[in-house]
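Remarks on the structure that follows.
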Amino acid sequence: MLTIAQITDLHVTTGHDPLNQLRNEQRLRQVLRSIEDLKPKPVAIIASGDLTEHGEAQEYAELKTILGETDIPIYYAVGNHDRRDTFMDAFEGPGAQRDENGFIQYVVDFDGVRMVVCDTLEEGKHGAGFCENRAAWLAATLDAEPDTPTIVVLHHPPILSGVRWMDPKPDAPWIAQLADVVRDRPQIRVMLCGHVHRAFHGLLAGQVVATAPATSIQVTLNLTAVDMQKPDGREILVDEPPGYVLVMADEGLVTTHICVAGDFAPAVAYTRPFGFE
Ligand SMILES: [Fe+2]
Ligand SMILES: [Fe+2]
């Protein structure tokens, strides 16, 4: 059995945004502590995008310092708040690789499990892109090992959360493009996403899509209609605790746990036999 932790939407920033800086760094450190305390310790962390708030070099430097506090190997995907070139200047290595078209897409081989990291960033846009080139890379990559259990990672979820101001249009071309690639590929066990700052699950072309809560602030769960041009004063972000996902892979079975990060007191200890098998 092996475990991999997914962290997402770190939104690390610098001193010119002091409130976000302090909050997001504290929360990220809390998540890292929680992951470090897990038994067994995960073999890797995947950080699935929105690593920084503005995609600036100084923010990536700050991020590198914080993540340097753990010795668990970290792999990265980019999100809409990131900038590819600036990110790669700081992080190029096994956890940050470009495909032949310059997108940050690569494969990591764990013991019996493949992780395929995809790039849905359209620089300067909030929403996703997954063009023909990216789709062709993913198709070829999946074709290369059709029998190995595979985890696909991408920042933007290709399903609807119901939080309307965060959701893509259901008929967005990038979703159709991605659906065409993942359909009828039974080696895919789960598609891990971030971006919405909430945990939810759904299906795309028969594949399970699972999003992780943010390490930074969470999005308020309000599923009512919203006019994107008319602010109505609703709460859109909420100070719920930071979270992460723990992916468990065991002989081809893959399970995701949604985890809340924090220092919690133990409730009951195992001191007597359970009395059931
Ligand atoms: Fe985000
Ligand atoms: Fe995002």
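All of the numbers you see were taken from the coordinates with simple rules; none came from a lab. Bear in mind the structure is a predicted one, so any value in this text is a computation, not a measurement. Note that we place each Cβ from the backbone using ideal geometry, even for glycine, and neighbour counts take in every protein chain shown.
Descriptive notes on the structure:
- When M228, M115, M191, M248 are sorted by how many other C-beta atoms sit within 10 angstrom of their C-beta, beginning with the fewest, the order is M228, M248, M115, M191.
- Cα pair count fraction exceeding 18 Å, expressed as % - region 33-153: 54 percent
- Expected 222 nm ellipticity per residue - DSSP helices of 4 or more, -39500 (n - 2.57), all of the chain, to 500: -7000 deg cm²/dmol
- Taking 37 °C and 0.692 mPa s as conditions, region 135-277 diffuses translationally at an estimated 187 µm²/s according to Stokes-Einstein applied to its Kirkwood radius (Cα pairs).
- Annotation for region 61-111: trypsin sites (Lys or Arg not before Pro) lying in DSSP loop with at most 15 further Cβ atoms inside 10 Å of their Cβ are R98.
- Values of log10 I(q)/I(0), in the order q = 0.07, 0.09, 0.10, 0.15 Å⁻¹, for region 2-260 under a Debye, Cα-only, solvent-free model: -0.21, -0.36, -0.45, -1.07
- Per residue, the convex hull spanned by the Cα atoms of region 183-254 measures out at 108 cubic angstrom.
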